[in-house]
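S.K.: Please read through the structure below; I'll follow up with questions.
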Amino acid sequence: MPTKDVIDYQLTAVDLSADQRRRAVITVASVARDADDCAGLLDALGLSAAEAFPDVPAPRM
């Protein structure tokens, strides 16, 4: 029988592909009430908005 540590690891450690993370970001953004809600949800999930469109260059300073 697995130990509690193994079970906790299995429940929390999920390796997502870049495409899965991108789709998750887009889904969160589509259901968020506003920008602050979206930012909070993404932060709670360990995602960033930049993952939705990884090929778009960052703005110039």
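S.K.: Taking the stated definitions as given, is Leu45 at pLDDT 90 or above and either surrounded by 10 or more Cβ atoms within 10 Å (Cβ to Cβ) or out of contact with any Cys (no Cβ under 8 Å at 6 or more places or on another chain) (or both)?
M.R.: no
S.K.: So, in region 24-61, of the ones that are among the polar types (S, T, N, Q) and part of a helix (DSSP H, G or I), which residue ends up nearest to the chain's Cα centre (by Cα)? Step through it out loud before you land on a result.
M.R.: Let us first name the residues in region 24-61 that are among the polar types (S, T, N, Q), namely 27, 30, 48.
Restricting the remaining residues to those that are part of a helix (DSSP H, G or I) gives 27, 30.
Values: Thr27: 10, Ser30: 13 Å.
Step by step, filter region 24-61, then rank; the result is Thr27.
S.K.: Which of the numbered conditions does Arg21 fail, given that it passes all the others? Conditions: (1) at pLDDT below 70; (2) under 18 Å from the mean Cα position of the chain (by Cα); (3) not in a loop (DSSP other than H, G, I, E, B).
M.R.: Against the list (1) at pLDDT below 70; (2) under 18 Å from the mean Cα position of the chain (by Cα); (3) not in a loop (DSSP other than H, G, I, E, B), Arg21 comes up short only on (1).
S.K.: Give me the pairs: first residue in region 38-61 and without any contact (Cβ under 8 Å) to a residue 40 or more places away in the chain, second residue of a type in the set (Val, Ile, Thr) and assigned to a helix (DSSP H, G or I), beta-carbon distance under 6 Å, and six or more apart or on different chains, which are they?
M.R.: Every condition considered, the pairs that remain are Leu41/Val28; Leu42/Val28; Leu47/Val25; Glu51/Val25; Ala52/Val25; Ala52/Ile26.
The values are calculated or read from the model by the stated rules, or taken from the named source; none is laboratory data. Because the structure is a prediction, the values reported are computed rather than measured. Here the Cβ is made from the backbone with ideal geometry for all residues, glycine too, and neighbour counts use every protein chain on show.
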